[in-house]
Amino acid sequence: QGTLFLAGLTLSLWKWSCSPLYFLVLRWLPLAKGFFQGAGMCQVLCCRFALYLKTEVFFLLYNSSLNVICYSPAGSHFQCDTSAMTDIVLLVDGSWSIGRSNFKLIKEFLSTLISPFSIAHDKIRVGLSQYSSDPRTEWDLGAYTTREQVLEAVRNLRYKGGNTFTGLALTHVLEQNLKPDAGARLEAEKLVILLTDGKSQDDANLAAQTLKNMGIEIFAIGVKNADEAELKQVASEPLELTVYNVLDFPLLSNLVGRLTRVLCSPVKDIPTDMGPQLSPTDLKISAVTSKSMHLTWSPPLRPPKKYRIVYYPSKGGTPKEVRGLFAVSSLRLSNLTSHTEYLVSVFPIYDTAVGDGLRGVTSTLPLSSPRSLRVSELSHNSMRLSWKAAPGATQYLVLCSAAPDGAEDYTMEVKVAQPEVLLDGLSPSTEYSVAVYAMYGEDASDPASIQETTLPLSPPRYLSFSELSHASVRVSWEAASQAVKAHHVTYEASGGSNTGEVEVPGTATSTVLRPLSSLTQYFISVRSTYDEGDSFPITGNVTTLKVPPPRALKVTELSGNSLRLQWEAVAASDVVVYQIKWSTAAGEKPQELSIAGNVATAILPGLQKNTDYKISIWAYYKDGARSDTVSIQHRTNSRSPPTNLFIDSESPTSLQVHWKPPEGRVQHYKITYSPVSDTGAQQTVRLHVTLQSLLPDRAYKVTVSAVHYTGESESTSATGRTGFDMMEVFGLVEKEYSSVKGVAMEPFIFSGSRTFTLFRDTQLTQRTSDVHLFAIPPEHTISFLLRLLPETPKEPFAVWQITDEDFQPLLGVNLDPSKKSLTYFNHDYKADLQEVSFDQQEVKKIFYGSFHKVHVAVSRFKIKLYLDCKKIAEKPINTVGSISTAGFIMLGKVTRTRGPRSGSASFQLQSLQIVCNSLGAEEDRCCDLPALRDEETCPTLAPACSCTSGRPGLPGPPGPPVSSPFHMFLQSSIYCI
């Protein structure tokens, strides 16, 4: 039995491709003695020296009758067409270190490795066991009889997980997978292909040696962290064909071409004895570079006709040849692959024979690799690498891989033209393995490698504390990076009773922690949150202050036997209760009083006159702490309040307040007044006061107290109401009239009021409910200042009226220019319409084209008419009934018309007010009529121009003493009750 290289044939070779290519080898059995004489039986096997042919070739070997016909494979993929019976057991590492994503790559590798083989019941059988802590048979050798069935089983293979016990797994193969009942055949060659990514946690050598002693060949494939020394111990000889190790899982695919061909037919010795006279000798290989080498040899004793040189990579590749060399004994081979072991053969060609080949093996030099690889910049999510350029490199391939905690293996691939790269999107505090290859076209150099760990996420800096109180503290810091998305501030009391956490935006540099307990040490930490996770915290501690006591105690005596104690609450929101205790200097039994924490005043009753008292107060806080006690000494005196307080002379903007002074010496009186729902303004006066600039139709609470030389008395209160200003209701004011259609404001101003012209059919209408005129009281006064114009119609019209929803009049005042009369109408308590008309001679003045002021004062049983502040007439009338607020209020309505779009009269209007009593007319002095104005009794007119010259005016007359500033608060709602 022998092996023959078909090196002497004139064959066309397939062009170079990425997959390793090999020679074709014939293994034969001579049937007769002699040197290749007689007929023979030929078996064509594909192995790692296979030769791909483009065309059919007929070959005659010397004078033997052995005919060999070789065909090229279908397509460019290798197919192993051997008919040998072989049992192959795949032993796959399924431990946790593999990872699910890499296990998918293992399944792809196994599918590609199995695909070239003819799997059948009488040819190749494939079984598979997966192992980790314990081995598991996925399928036996006899389970599948076709290639498609095996590939489907590989695709469905599930990841096991566990530790790496390779020795136990090899024993499992021997005791389980290679038994006849599992499908193993006694006459078949047996192969075990081990694939692992780490060192075994038990002894794998003993089990492997047992298998090898039984004639079972073991191939060992290592990935990533596999122990190469252990692989060589486990694998069968020759190790250069049975041991494989790659840097990472994606590189497994590079082994397929070579490994399938090695598995197709194991390597055997190749005899080359064809006679010394026909063979060259002394082959020498020199001047080896990464791309070339120089061959020299000694010619045979019998000079050949020519030489044929065949060379190819020992690990697979398309053979190349140089032929037609005459009378030479040297040759330079170029365009070789770098860092590759080449098999070189020199054959002498004679006319009738081919001499023995002269063979040699050498490796080309590796391509220049990147040098001085270093990390020049490093952060929590990136690193910048730089290296010295490799001469002639066209680009660089950078592979970065890591396995962050709790995540699957991560690999990044980057190609760059310059000797530097920025790798970003990395995980913090993670070790990365980086390999940089210099690329020369499709060829790659050996890598320059480095391992580096990214920085942890940067925590905040410069932790500090400020604004410290008994219940809060401001925590400040400086953010370490603009990439911070948020900060988390946690705090915990030294006893663990009070804990909490606050989250603030990444742009924030401080926050206030509350509520805290007083006089307590707190441990505070601040950590920054990034997209990648949280940083380590920066920590510190601070102790809160003691709770503050009340301060600025003030005592005010009240009437009777009581006084008011007031204080300033330093931290009112945190106080639960104030405790007050007072007693006489003589040592009588003290009295105590508890006051809610949101109150800063208390009335102390039951005091004796002209007696010295010690008054003490302290506070209890939410955290249970008690403040220090604060005390004040006070001697009681007798102070009486004002009496008989009453309010009269109501107008839309003023009220007059009267009272009876108390006994004793009074310095002045303090008046507080405000709308019933508002806080009060204050004014200091002597005996009585007129409150000016009030809101119309508003109930005011007025409180008066006497300020004695010994202190302030108790206060007494009364309530009054101003009248209703209808000008504002209809927008007849300077700031709003421009938005009212059909209204013009006259340029002149008198008595601080503007005059507005209502043109014909202006039809000013408002819903009664919108102006908050909820009810007309039985006693009321309708006051208006107007002038009729030449274009004012001669037919009757309502200066002001209230209607129901159907525009039927309910209450109002009509003027009849044709009769020169004024009529007041309403519905009485029986719901009957009643009208009272006035046509006296004085009334006719209204219709002569001048400004006149009219008051219609209605009481329960009579009605009075005032013209220009003089009483004209008085007539009886029934009490007004309830007036609906579901209708409308209208100005200038022509009485013969009805509906929202009916006609209205034109006239000029300066004021229109509704006063909720019948006394307003008697107190009006008509200061707004120029002809009737008395400068001595009327208030000073407001300036017509609101602007100033920029210079201060002359000082005014001194006013009464003021105990506090005067303030006025406005509200939007209008009420008349």
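Kindly provide the set of residues from the range 751-768 that are modelled with pLDDT under 85 and surrounded by fewer than 17 Cβ atoms within 10 Å (Cβ to Cβ), ordered by number.
In the first step, residues of the range 751-768 are kept if they are modelled with pLDDT under 85; the result is 751-753, 763.
Result: G752, S753.
Could you please give the count of residues in the range 483-494 that are open to solvent by 70 Å² or more (accessible area, probe 1.4 Å) and modelled with pLDDT under 90?
Just the residues of the range 483-494 that are open to solvent by 70 Å² or more (accessible area, probe 1.4 Å), to begin with: 485, 492, 494.
Filter once more, so that each one left must be modelled with pLDDT under 90: 494.
Adding up the residues that qualify gives 1.
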Return a yes/no flag: does the range 900-920 have any residue that is without any contact (Cβ under 8 Å) to a residue 24 or more places away in the chain, farther than 30 Å from T690 by Cβ and either over 60 Å from the mean Cα position of the chain (by Cα) or open to solvent by 10 Å² or more (accessible area, probe 1.4 Å) (or both). no
Could you list all residues from the range 548-586 that are at pLDDT 85 or above, farther than 22 Å from H708 by Cβ and open to solvent by 70 Å² or more (accessible area, probe 1.4 Å)? R551, E568, V576, K581
Would you please name the residue that is least open to solvent (accessible area, probe 1.4 Å), looking only at residues in the range 495-509 that are within 23 Å of A625 (Cα to Cα) and in a strand (DSSP E or B)? G500
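Residues checked against (1) of a type in the set (V, I, T); (2) over 13 Å from P550 (Cβ atoms):
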site: A569; (1), (2): no, no
site: V577; (1), (2): yes, no
site: Q608; (1), (2): no, yes
site: K622; (1), (2): no, yes
site: I647; (1), (2): yes, yes
Of the residues V542, V526, only one is farther than 30 Å from S379 by Cβ and hydrophobic (A, V, I, L, M, F, W, C); which? V542
Cross-chain or 6+ apart pairs with Cβ under 6 Å, the range 150-162 first and without any contact (Cβ under 8 Å) to a residue 40 or more places away in the chain, then assigned to a helix (DSSP H, G or I) and hydrophobic (A, V, I, L, M, F, W, C): V150/I114
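Run down A327, A393, A389 and say which single residue is open to solvent by 50 Å² or more (accessible area, probe 1.4 Å) and under 60 Å from the mean Cα position of the chain (by Cα). Show your work before the answer.
Numbers: A327 fails: under 60 Å from the mean Cα position of the chain (by Cα); A393 fails: open to solvent by 50 Å² or more (accessible area, probe 1.4 Å).
Answer to the selection: A389.
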Pairs returned, first residue in the range 836-857 that is closer than 21 Å to N878 by Cα and in contact (Cβ under 8 Å) with a residue 40 or more places away in the chain, second residue that is part of a helix (DSSP H, G or I) and open to solvent by 50 Å² or more (accessible area, probe 1.4 Å), beta-carbon separation under 9 angstrom, 6 or more apart or interchain, are H855/E922; A857/E922
Residues that are in a strand (DSSP E or B), under 15 Å from V630 (Cα atoms) and touching a residue at least 24 places away in the same chain (Cβ under 8 Å), drawn from the range 578-601: Y578, Q579, I580, K581, W582, S583, T601
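Mind listing just one residue for me: the one in the range 858-882 that is touching a strand residue (DSSP E or B) at 6+ places or on another chain (Cβ under 7 Å) and touching a residue at least 60 places away in the same chain (Cβ under 8 Å) and, of those, nearest to Q910 (Cα to Cα)?
Residues of the range 858-882 that are touching a strand residue (DSSP E or B) at 6+ places or on another chain (Cβ under 7 Å), as a first pass: 858, 861-869, 871-881.
Adding the requirement that they be touching a residue at least 60 places away in the same chain (Cβ under 8 Å) leaves 858, 868-869, 879-880.
Numbers: V858: 22, D868: 14, C869: 16, T879: 30, V880: 27 Å.
Within the range 858-882, the match that is nearest to Q910 (Cα to Cα) is D868.
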Given the criteria over 30 Å from L365 (Cα atoms) and either assigned to a strand (DSSP E or B) or open to solvent by less than 20 Å² (accessible area, probe 1.4 Å) (or both), does S517 qualify? no
Can you tell me which residue is modelled with the lowest pLDDT among those in the range 616-661 that are β-branched (V, I, T) and either in a loop (DSSP other than H, G, I, E, B) or surrounded by 20 or more Cβ atoms within 10 Å (Cβ to Cβ) (or both)? T653
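For (1) buried (at least 18 other Cβ atoms within 10 Å of the Cβ); (2) out of contact with any Lys or Arg (no Cβ under 6 Å at 6 or more places or on another chain); (3) assigned to a strand (DSSP E or B), each residue gets a yes or a no:
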site: L811; (1), (2), (3): yes, yes, yes
site: E835; (1), (2), (3): no, yes, yes
site: V843; (1), (2), (3): yes, yes, no
site: I863; (1), (2), (3): yes, no, yes
Taking the condition modelled with pLDDT under 90 and under 48 Å from the mean Cα position of the chain (by Cα), does G94 pass? yes
Count of the range 677-723 residues which are aliphatic (A, V, I, L, M), within 25 Å of V915 (Cα to Cα) and either surrounded by 19 or more Cβ atoms within 10 Å (Cβ to Cβ) or modelled with pLDDT under 80 (or both): 8
Among the listed residues L545, L607, which satisfies the condition of being in a loop (DSSP other than H, G, I, E, B), open to solvent by less than 40 Å² (accessible area, probe 1.4 Å), touching a residue at least 12 places away in the same chain (Cβ under 8 Å) and not charged (D, E, K, R)? L607
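Scan the range 432-442 and tell me whether some residue there is under 27 Å from S376 (Cα atoms), open to solvent by less than 70 Å² (accessible area, probe 1.4 Å), touching a strand residue (DSSP E or B) at 6+ places or on another chain (Cβ under 8 Å) and of a type in the set (F, W, Y). Working first, answer last.
If we filter the range 432-442 for residues that are under 27 Å from S376 (Cα atoms), which is where we start, we get 432-440.
Next cut, open to solvent by less than 70 Å² (accessible area, probe 1.4 Å) only: 432-440.
Then drop every residue that is not touching a strand residue (DSSP E or B) at 6+ places or on another chain (Cβ under 8 Å), which leaves 432-439.
Filter again for of a type in the set (F, W, Y), leaving 432, 437.
Yes, the conditions are met somewhere in the range 432-442.
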Filtering the range 820-877 for residues that are under 17 Å from A921 (Cα atoms) and among the acidic types (D, E) leaves a count of 3
Given (1) among the small types (G, A, S); (2) in contact with a strand residue (DSSP E or B) (Cβ under 9 Å, 6 or more places away or on another chain); (3) more than 30 Å from Y432 (Cα to Cα), identify the lone condition not met by G506. (3)
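Yes/no per residue for (1) farther than 21 Å from L789 by Cβ; (2) touching a Cys at 6+ places or on another chain (Cβ under 6 Å); (3) aliphatic (A, V, I, L, M):
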site	(1), (2), (3)
K819	no, no, no
N826	yes, no, no
A831	yes, no, yes
S837	yes, no, no
I846	no, no, yes
A857	yes, no, yes
F861	yes, no, no
Y866	yes, no, no
Right, L141: hydrophobic (A, V, I, L, M, F, W, C), modelled with pLDDT of 90 or more and either surrounded by fewer than 17 Cβ atoms within 10 Å (Cβ to Cβ) or closer than 21 Å to F249 by Cβ (or both) or not? no
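Determine, yes or no, whether K160 is part of a loop (DSSP other than H, G, I, E, B) and surrounded by 20 or more Cβ atoms within 10 Å (Cβ to Cβ). Give the steps one after another, and end with the answer.
Working: part of a loop (DSSP other than H, G, I, E, B): yes; surrounded by 20 or more Cβ atoms within 10 Å (Cβ to Cβ): yes.
Here the answer is yes, as K160 does meet what is asked.
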Being in contact with a Leu (Cβ under 8 Å, 6 or more places away or on another chain), under 24 Å from A831 (Cα atoms) and assigned to a loop (DSSP other than H, G, I, E, B) is the filter here, so list the residues in the range 879-910 that pass it. I883, S884, T885, G887
In the range 436-494, residues that are under 25 Å from the mean Cα position of the chain (by Cα), assigned to a loop (DSSP other than H, G, I, E, B) and of a type in the set (D, E, K, R) total 1
Kindly provide the set of residues from the range 459-476 that are touching a Gly at 6+ places or on another chain (Cβ under 9 Å) and of a type in the set (V, I, T), ordered by number. V475
Would you mind telling me which numbered condition in (1) under 46 Å from the mean Cα position of the chain (by Cα); (2) assigned to a loop (DSSP other than H, G, I, E, B) V154 fails? (2)
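The values are calculated or read from the model by the stated rules, or taken from the named source; none is laboratory data. Note that the structure is predicted; figures quoted are calculated from it, not measured. No Cβ is skipped: glycine too gets one built from the backbone with ideal geometry, and neighbour counts run over all protein chains shown. Just the protein is used for accessible areas: all its heavy atoms, side chains included, with ligands, DNA and RNA removed. Shrake-Rupley method; radii C 1.70, N 1.55, O 1.52, S 1.80 Å.
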